[in-house]
Amino acid sequence: MRFSFWPNPAQPYSEVLELTQHVEASGWDGVWYADHFMPNAPDTSTPWPEAWTTLTALGAMVPRIRLGTLVSGNTYRHPAVLAKMVATLDHITDGRAVLGLGAGWQENEHQQYGIPYYTMAERLERLDEACALIKALYSETSASFSGQHYQLDAATLEPKPVQDSLPLLIGGGGERVTLKIVARHADEWNVWGDPEVLRHKMAILDGYCAELDRDPKSIQRSAVALLFMSDDAAFLDKMRESNLQQPSIIGTVAEVRDVVAEYAELGVDELI
């Protein structure tokens with residue numbers, strides 16, 4: 001199992017660099033960065049660096065670990081432009097980039113920046129097409145694509161990524177549509193969740209893979225959760241009672257080790 005780090009996207013670059021250098025030096029496997037332009041809150045004045053620019057700077061400074069978004073909103077950039085950006089990052093990092101992609105969900109940044117938000121169904125349709133388009137650009141000398149939302153006309157993307165197959169990670173756990181898109185296109189898949197959530201979602205994903213006659217083991221699985229580890233019982237009790245909005249791992253070192261073992265037994269390839 002790989003272990004990776006997800007910094008707070010509101011931290012200034014100097015702190016993110018320091019943390020990433022610590023992650024590198026202490027043997028972790030990757031850093032994942034949230035791709036948003038502002039907090040999902042009534043007050044959006046918090047400083048909020050752009051994700052791919054930050055990852056590019058980190059890639060030039062930190063020589064070993066994988067770097068990717070968890071995840072980019074497909075609505076934010078044309079997928080061909082995004083594919084070009086990530087291929088460039090792959091060269092800067094000598095083959096350590098991962099393209100993490102999702103349908104997009106945070107409405108306030110679309111509204112403030114004048115980015116079309118679309119319906120949920122339309123965002124998922126666009127994600128499906130974007131994945132196929134990006135794969136074509138990375139694998140074909142000249143790619144043409146005719147979709148409902150995106151088109152390519154004998155498009156070139158050079159230089160190709162350093163990696164023979166730059167990983168496309170799809171984030172999300174939607175059981176009716178998103179996991180079908182994962183089964184069709186993803187090299188890696190990520191979802192927020194505890195082991196029980198992962199067990200449930202992975203079974204559904206395996207079923208969609210079977211429908212497509214795809215080996216489910218060809219899709220690496222990663223889970224993400226907040227971590228609160230301490231020997232202070234009062235602190236741990238406070239965190240357990242705090243109604244955190246995101247899945248969390250809370251416990252002593254021994255308790256955290258047991259939870260990690262549950263993820264591993266399920267076949268989770270990476271814990272973030």
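The values are calculated or read from the model by the stated rules, or taken from the named source; none is laboratory data. The structure presented is a predicted model; accordingly, all values stated were derived computationally and were not measured. Glycine gets a Cβ as well: all are built from the backbone with ideal geometry, and neighbour counts include every protein chain shown. Each accessible area value is taken on the protein alone, full model and side chains, heavy atoms only, with ligands, DNA and RNA left out. Shrake-Rupley method; radii C 1.70, N 1.55, O 1.52, S 1.80 Å.
Results, tabulated for the structure shown:
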quantity: Check on residue 113, surrounded by fewer than 18 Cβ atoms within 10 Å (Cβ to Cβ) and touching a residue at least 40 places away in the same chain (Cβ under 8 Å); calculated: yes
quantity: Selection from region 1-46 of residues that are aliphatic (A, V, I, L, M), surrounded by 13 or more Cβ atoms within 10 Å (Cβ to Cβ) and not in a loop (DSSP other than H, G, I, E, B); calculated: 16, 17, 19, 23, 31
quantity: Of all residues in region 116-134 being open to solvent by 70 Å² or more (accessible area, probe 1.4 Å) and part of a helix (DSSP H, G or I), the one that is farthest from residue 170 (Cα to Cα); calculated: 120
quantity: Residue check, residue 104 free of Cβ contacts under 8 Å to residues at least 60 places away in the same chain and either under 20 Å from the mean Cα position of the chain (by Cα) or open to solvent by less than 20 Å² (accessible area, probe 1.4 Å) (or both); calculated: yes
quantity: Checking residue 174 against (1) of a type outside the set (Ser, Thr, Tyr); (2) open to solvent by 60 Å² or more (accessible area, probe 1.4 Å); (3) touching a residue at least 24 places away in the same chain (Cβ under 8 Å), the condition it does not meet; calculated: (2)
quantity: Only one of 67, 89 that is assigned to a helix (DSSP H, G or I), without any contact (Cβ under 8 Å) to a residue 60 or more places away in the chain, within 16 Å of residue 166 (Cβ to Cβ) and touching a strand residue (DSSP E or B) at 6+ places or on another chain (Cβ under 7 Å); calculated: 89
quantity: So residue 59, is it under 25 Å from residue 163 (Cβ atoms), touching a Ser or Thr at 6+ places or on another chain (Cβ under 6 Å) and not in a loop (DSSP other than H, G, I, E, B); calculated: yes
quantity: Condition met for residue 230 (modelled with pLDDT under 95, out of contact with any His (no Cβ under 6 Å at 6 or more places or on another chain), surrounded by fewer than 16 Cβ atoms within 10 Å (Cβ to Cβ) and not acidic (Asp, Glu)); calculated: no
quantity: Residues of region 146-171 that turn out to be aliphatic (A, V, I, L, M), closer than 19 Å to residue 67 by Cα and open to solvent by 20 Å² or more (accessible area, probe 1.4 Å), as a count; calculated: 1
quantity: Region 240-272 - residue that is within 19 Å of residue 173 (Cα to Cα) and among the hydroxyl-bearing types (Ser, Thr, Tyr) and, of those, surrounded by the fewest Cβ atoms within 10 Å (Cβ to Cβ); calculated: 248
